[in-house]
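See below for the structure under consideration.
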Amino acid sequence: MKLTLDLVAGARPNLMKLAPVVRALVAQDRLAFRIVHTGQHYDPSMTDVFFQELGIPAPDVHLDVGSGSHGAQTARILERYEARLLTDPPRATVVFGDVNSTVACALAAVKLGVGVVHVEAGLRSLDRSMPEEINRLLTDAIADLLLVSEPSGLEHLEREGIAADKVRLVGNVMIDTLLQRLPAARARRATRPLGLEGRPYGFVTLHRPSNVDDPATLGRLLDLLDELSSRLPLVFPVHPRTLASAHRAGLEPRLAPGNPRLVCLGPTPYLETLSLVAEASLVLTDSGGLQEETSVLHVPCLTLRENTERPVTVSRGTSRLVGNDPARIRGAFTDVLEGRWPPGGDIPLWDGRAGARVAGAIADWLGA
Ligand code: UD1
């Protein structure tokens, strides 16, 4: 009988990380697994579409937690996953990234003596006002096996006193998905229905609380996007958090569809997004995943944050931190348009084989 893992997904970016691990577990055939979907993200456009496009088997377990305050959402996941663990415990629980589902399921598991594996361990922004930073710190403090995507993760874990024998540098699983799906994504030609095929354009995403929750900050950023879009059309898939915040602030009309310069879309499927990012002249974003994806695609990335937990994307990739001050963003935008931007080099172990290293490390650790 093979040992069984629970693989936990909750929010959209978890799915791009989980998919290559599922593929490798199937190929290596050393461990069985079940997929647990917490329901942190629940709109079909934020979940179902990604399962289909990435070929992930349907979840075995749905916790259906939905949205809520951090405390309420995390508590609901903790309670419901614990109930599941009490009736049918796996040999280990594998959590991904830094979302509320990550920390909640890790905590439920460790308290019941179920091994915890953290994929994407060790990343630190050193900014404790970010909810994700708290999730990272807590998850790594209780994980039994910590699988790291970039060298900075090893340094942070060592500094925090995590025993080195629990830690492995395995590379970036999200890049496995990118490299595997890139040909299919390019074949989508997602620019065509937008009237942008063969034309230069930029791609924008915004969803961090620090950029979108405060109406004044969001209003200032939308003014800036409007201005920049007169120099380069911008495609902007609007995250539900951003739309909800714009609605509360009376800014929703600014995100209306039909604007040919600032082309606002709803949440966009993976292949369409990848197609749009791969062809873009530049990306403006506060997403962690996009800093990594643009680095591999050699697309200039203006990261609208003051810090990053993914410093390799700045030191070796194409990302530059520009905060949310309009003058700074405008200056960087001009640098890209005038060709002053590093092309970015290769990043070690971001090679399309991280999923196999993750699956192998877990099986070795369990003696499977
Ligand atoms: C979460 C993660 C963030 C990640 C992001 C990717 C945490 C703390 N944050 O942020 O790290 O980068 O996912 O998308 O876990 N909503 C919907 N439909 C959905 C899901 C959410 O409309 O399917 C709306 C709701 O208004 C909800 C809001 O988005 O209140 C925020 O959702 P939530 O899951 O709390 O955080 P994200 O901002 O998506």
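The values are calculated or read from the model by the stated rules, or taken from the named source; none is laboratory data. This structure is a prediction, so every number in the text was calculated from the model and none was measured. Glycine also receives a Cβ, built like all others from the backbone with ideal geometry; neighbour counts cover every protein chain displayed.
Figures for the structure shown
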| read-out | value |
| --- | --- |
| Verdict on residue 314 being among the aliphatic types (A, V, I, L, M), in contact with a strand residue (DSSP E or B) (Cβ under 9 Å, 6 or more places away or on another chain) and either over 30 Å from residue 137 (Cα atoms) or part of a loop (DSSP other than H, G, I, E, B) (or both) | no |
| Which listed residue, of 241, 220, is touching a Pro at 6+ places or on another chain (Cβ under 7 Å) and either without any contact (Cβ under 8 Å) to a residue 60 or more places away in the chain or under 18 Å from residue 326 (Cα atoms) (or both) | 220 |
| Pairs where the first residue, in the range 129-141, is free of Cβ contacts under 8 Å to residues at least 40 places away in the same chain and the second is within 9 Å of the ligand (Cβ to nearest atom), C-beta under 7 Å, 6+ apart | 135/98; 135/99; 135/100; 135/102; 135/103; 138/103 |
| Test: residue in the range 110-132 that is of a type in the set (Lys, Arg), out of contact with any helix residue (DSSP H, G or I) (no Cβ under 6 Å at 6 or more places or on another chain) and crowded, with 18+ Cβ neighbours inside 10 Å | no |
| Any hit, the range 153-170, residues being part of a helix (DSSP H, G or I) and within 28 Å of residue 43 (Cβ to Cβ) | no |
| Residue match in the range 11-30 (condition: assigned by TED's automatic domain parsing to the domain that holds residue 355, within 15 Å of the ligand (Cβ to nearest atom), more than 16 Å from residue 361 (Cα to Cα) and part of a loop (DSSP other than H, G, I, E, B)) | yes |
| Residue ID - surrounded by the fewest Cβ atoms within 10 Å (Cβ to Cβ), chosen from residues in the range 268-294 that are over 14 Å from the mean Cα position of the chain (by Cα) and farther than 17 Å from residue 181 by Cβ | 281 |
